[in-house]
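The values are calculated or read from the model by the stated rules, or taken from the named source; none is laboratory data. Everything numeric in this text was worked out from a predicted model, so none of it was measured. With ideal geometry, Cβ positions are generated from the backbone for all residues, glycine too; neighbour counts draw on all protein chains shown. The protein model used for the area step is the full one, side chains on, heavy atoms only, and it has no ligands, DNA or RNA in it. Shrake-Rupley method; radii C 1.70, N 1.55, O 1.52, S 1.80 Å.
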Amino acid sequence: MIETGKRRESAEQIAERNGIPRRDFLKICGAVAATFGLAQSTVVEQVARALSPGGAKPPVIWLEGQDCAGCTVSFAGSLNPPATQILLDRISLRYHETVMAAAGHQAEKAYHDTVKQGGYVLVVEGSVPGADDRFCMVGGRPFREILEEAAASAAAIIAVGACATYGGIPAATPSLGLGLDRALAGKTVINLPTCPVHVEHLVGTVLYFLTTAQVPALDDYGRPVAYYRTLIHDNCNRRGAYENGQFLTDWNDPAQKEWCLLEKGCKGPFTYSDCPIRKWNDGINYCIDCGAGCMGCSEPDFYDGMSPLFE
Amino acid sequence: MSQRITIDPVTRIEGHLKIEIEVENGKVKDAWSSGTMARGFEALLQGRDPRDAPFVTSRFCGVCYSVHQYCSCRALDEAFGATVPWGGTLLRNLAMGAMYIYDHILHFYQLSALDYIDIMAIAKYDGKDPALQAVKEKVVALVQAGDTSPFTPRYQPDDWCVRDPETVTTAVKHYIDALQINAKARNMGAIFGGRTPHYQSLVVGGCTQYPDINMVAKYRTMLDEIAAFVRDVYIPDVLHFGTGPLWPLAEMGLGGGHHRYLSYGSFEKDPAGTNLVFKPGVVRKLNLGGYEVESLDAGKITESVEHAWYRAAAPQHPYDGEQVFDLDRSGAYSFIKAPRYDGQAYEVGPLARTIVAQHPKLLELVQQGARPGVVARHAARALETQAMVDACYHWLDLLTREMTRSDFRIHDTAHWDPPESGQGAGFFEAPRGALGHWIRIENGEIANYQAVVPSTWNASPRDEKGVRGQYEEALIGAPIPDPENPINAVRIIRSFDPCLACAIHLIDPQTNQLRRFVVE
Ligand code: SF4
Ligand code: SF4
């Protein structure tokens with residue numbers, strides 16, 4: 001018998017309560033036991049627990065709209081903790097087009113089953129075409145429709161990257177990409193902009209939610225205050241050069257190597273993110289350290305409002 | 001009786017792809033490939049500061065990030081009249097080499113391997129290797145918990161799936177290890193690229209990251225670890241699978257397609273650019289006993305929109321053609337156009353480059369009976385990864401020497417400001433194949449921007465003559481014994497490493513002026 005809340009039920013009863021007839025349940029147990037060469041009696045409890053909501057790892061649906069998969073690649077770069085550990089031990093990734101084993105109908109079914117179950121974390125990468133639904137179709141359906149459906153029964157919604165948060169670059173194209181701020185107007189969405197999402201912003205937010213079951217404190221644009229509180233310009237290690245009026249004009253001159261990039265179009269003075277402190281790629285480098293400057297990719301008016309990038 | 005099967009979405013690829021196949025007597029009789037997402041980046045670029053283009057086009061794709069940035073820089077270099085100092089080229093190549101290595105490894109382990117192994121065979125592993133036992137425990141725990149996402153659901157393993165418990169367990173361990181190695185390779189690229197995905201430092205005229213000796217040392221140390229993985233794990237795995245359990249698929253030549261191959265060539269190994277990592281060339285007719293490699297004439301490229309959602313037009317050179325969008329066009333089934341070389345459909349990518357280069361190892365496999373197709377594509381990718389590792393060491397040595405020169409330079413500062421007018425073409429071999437960007441500048445702004453990308457070549461729909469694209473052709477004849485389980489179809493498509501987001505681009509109808517580019 002298994003303790004579930006106040007009642008004590010048998011594994012079969014739990015399965016039945018979750019819509020799995022006793023005969024099917026025993027079949028599943030038999031298959032699992034046979035596959036792994038285990039005694040059937042040792043697996044019934046685990047199978048029942050896994051089937052009962054709350055007993056299993058939190059389900060995650062990751063949708064891709066008008067995206068480039070850069071945020072997915074960014075996430076896969078997590079080293080501490082390793083991305084595989086998150087994928088295998090912490091979450092149950094039910095749907096992610098770039099990662100999952102299934103394709104076609106099976107992929108669609110995995111998605112529908114999870115949506116029906118509800119209570120999942122919804123991660124969205126990529127924008128929603130505002131000009132015409134047909135600019136982004138998945139499984140024969142408009143991406144917009146899929147997003148609205150998935151958002152309705154999600155426990156939390158996280159928009160990753162510039163495109164999914166505020167529209168990003170696609171917002172300036174003829175397909176008129178919309179971020180969730182407009183595509184899901186009125187819903188609470190945790191926005192993790194930057195193009196692509198910073199892996200530590202994403203992993204930290206997911207772990208925070210899984211641990212506390214709460215949405216972190218957000219700023220006026222729906223960004224976690226913890227990551228987007230400070231102006232890049234205020235934490236920039238070239239700020240001294242800025243104050244001294246030393247502005248880089250020639251990338252070949254080693255003397256100018258650490259000078260301020262304002263004349264190369266740096267958007268640090270009006271961009272909020274902790275990039276200068278956290279840096280990118282496990283602290284190896286980031287936009288200003290590499291001499292290119294900040295393009296303002298964490299701000300709602302990126303890209304159109306930041307263009308021309310080098311002026 | 002024939003049956004029509006739709007696979008939508010095709011997963012474990014970049015972008016949104018739908019594949020339809022008609023199966024008769026257990027074999028694919030006909031096939032259709034459709035790109036189902038579009039954004040319209042080229043239209044966005046019109047009227048912008050040309051220096052935005054590398055940054056924006058990088059976002060065509062976040063998996064092979066920055067290949068467009070690199071290619072765009074080359075188009076801009078020409079249009080601005082900039083001469084990239086050798087130091088700048090070395091930095092660009094070192095950044096891009098890191099991306100290449102990660103991208104090929106990712107394709108084999110994360111995007112493809114699950115099609116070739118029966119992951120559940122792990123449960124039967126009874127060897128003593130503690131690392132493999134740990135993998136077994138992990139997967140068994142997932143199954144006992146009744147939650148094996150994202151490894152299930154999946155297509156049922158077929159006769160060609162590897163079921164040997166030790167091989168499968170090793171492969172899954174390498175799947176996990178590869179994720180870490182990939183992350184490290186991307187971090188390595190960020191040393192000179194600024195950050196990843198999407199580099200920041202690649203600009204017209206060169207690179208913004210002034211290097212120092214610590215960076216070189218750091219890159220070298222990271223490269224050592226990655227090179228060891230490529231040498232000791234990735235290449236042996238591909239050869240083990242390819243010449244072992246998958247040899248029947250190799251002999252069968254599953255997914256061969258048109259057997260025509262094209263490469264633009266790229267990655268200079270010397271300042272004059274005479275010695276390249278990837279050679280340019282065209283193979284019109286593949287005779288496995290010995291074949292001719294012709295030189296490439298980019299003027300022979302045309303694009304057909306017969307079956308794409310654009311206004312009807314005759315096939316034209318991409319830069320003369322109009323690109324007005326028509327979502328209601330009858331007979332159209334894709335956002336992807338159909339590029340053709342001298343009127344014929346070609347394959348681009350690792351297999352094409354390896355065949356154009358007449359790589360001795362590939363020819364050796366052919367001697368033993370392998371036919372170009374799915375397995376050969378995986379082998380070609382592994383061979384290139386080794387070539388890229390070697391090139392990165394070579395570039396590091398050259399950079400170290402270059403940095404000691406008193407006139408060491410990384411950027412052409414004199415050509416940083418956009419010209420009043422100009423035009424330029426950039427050619428590049430991206431991991432997925434031949435890539436070209438074209439820009440025309442007027443009044444210091446972008447007047448027109450075009451990209452013809454690798455997956456446009458491979459994933460194209462039929463042309464005006466009804467000739468199938470390479471994906472479509474490669475599917476013909478593939479064994480599909482069970483229509484519910486079309487695993488061979490996804491094996492074939494994934495062997496090309498589809499990257500759809502960049503294959504699709506469109507132009508605003510309002511700005512549909514005459515486009516004429518000189519292509520050399
Ligand atoms: S480089 Fe940018 S963020 Fe740093 S001080 Fe200069 S303007 Fe401010
Ligand atoms: S430094 Fe600026 S451009 Fe770079 S990631 Fe941070 S916000 Fe984006």
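Some observations on this one:
- Surface accessible to a 1.4 Å probe, B:LYS361 within the full protein complex, Å²: 70
- Kirkwood Rh in Å, taken over the protein assembly as shown so that all alpha-carbon pairs contribute: 27.1
- Ratio Rg/Rh [Cα only; Rh per Kirkwood] for the stretch B:2-517: 0.97
- Each label point was placed 7 Å from the Cα along the Cα-to-Cβ direction; for B:ASN287 and B:ALA145 their separation is 5.9 nm.
- Given their separation in residues at 0.36 nm each and the Cα-Cα distance between them, B:THR6 and B:ASP482 gain 170.0 nm when the chain is fully extended.
- Cross-link reach is defined here as a Cα-Cα straight distance under 26 Å, omitting same-chain residues fewer than 8 places apart; for B:LYS465 the lysines meeting it are B:LYS18, B:LYS27, B:LYS29, B:LYS285, B:LYS300, B:LYS337.
- Cα lying deepest toward the dipole's positive end in chain B, options B:ASN458, B:GLN470, B:GLY26, charges on Cβ: B:GLY26
- Cβ-Cβ FRET estimate between A:ARG278 and B:SER421, R0 fixed at 60 Å, reported to 0.05: 0.90
- With helices as the sole contributors, chain B gives -11500 deg cm²/dmol at 222 nm; each DSSP H run of n ≥ 4 counts as -39500 (n - 2.57), and the sum is divided by every residue.
- Projecting the Cα atoms of B:ALA308, A:VAL199, B:GLY290 onto the dipole axis of the protein assembly as shown, where Lys and Arg carry +1 and Asp and Glu carry -1 at the beta carbon, places A:VAL199 farthest toward the positive end.
- Lysines with Cα under 17 Å of B:LYS269, excluding same-chain neighbours fewer than 8 positions away: B:LYS279
- Segment B:ASP297-B:THR243, extension gain: residue separation times 0.36 nm, minus the distance between their alpha carbons: 15.8 nm
- Å² of accessible area per residue within the stretch B:2-517, as computed with a 1.4 Å probe and no ligands counted: 30
- Stretch gain in nm, segment B:THR274-B:LYS465, where the contour uses 0.36 nm per residue and the Cα spacing is subtracted: 64.9 nm
- Sites A:TYR221 and A:ASP304 - FRET efficiency at Förster radius 22 Å, r taken between beta-carbons, to 0.05: 0.85
- Carbon and sulfur %, accessible surface of chain B computed with the full protein complex present, 1.4 Å: 49
- Summed over both chains, the area buried between A and B is near 7600 Å², taken from the accessible surface of protein heavy atoms with a 1.4 Å probe.
- This model, with +1 at the C-beta of Lys and Arg and -1 at the C-beta of Asp and Glu, gives the protein assembly as shown a dipole about its Cα centre of some 1460 debye.
- Heavy atoms of A:ASP282: accessible area, 1.4 Å probe, square angstrom to 10: 100
- More than 15 angstrom apart: percent of Cα pairs within the stretch B:215-292: 76
- Taken about its Cα centre, the stretch B:2-517 carries a charge dipole of roughly 300 debye when the Cβ of each Lys and Arg holds +1 and the Cβ of each Asp and Glu holds -1.
- Positive minus negative residues near B:GLY194 (Lys, Arg vs Asp, Glu; Cβ under 11 Å): +1
- Computed on the Cα trace of the stretch B:398-449, the radius of gyration divided by the Kirkwood hydrodynamic radius gives Rg/Rh = 1.14.
- Spatial extent of the stretch A:167-311: Rg and Dmax, with the Cα atoms as the point set, Å: 16.5, 51
- Accessible surface, 1.4 Å probe, highest first, among residues B:SER495, B:SER2: B:SER2, B:SER495
- Whole-Å distance, taken between Cα centres, linking the stretch A:102-171 and the stretch A:232-247: 41
- Interface residues in the stretch A:161-176 - accessible area drops by 50 Å² or more relative to the isolated chain, probe 1.4 Å: A:ILE169, A:PRO174
- Note on A:LYS116: lysines with a C-alpha under 21 Å away, same-chain residues under 8 apart excluded, are A:LYS57, A:LYS187.
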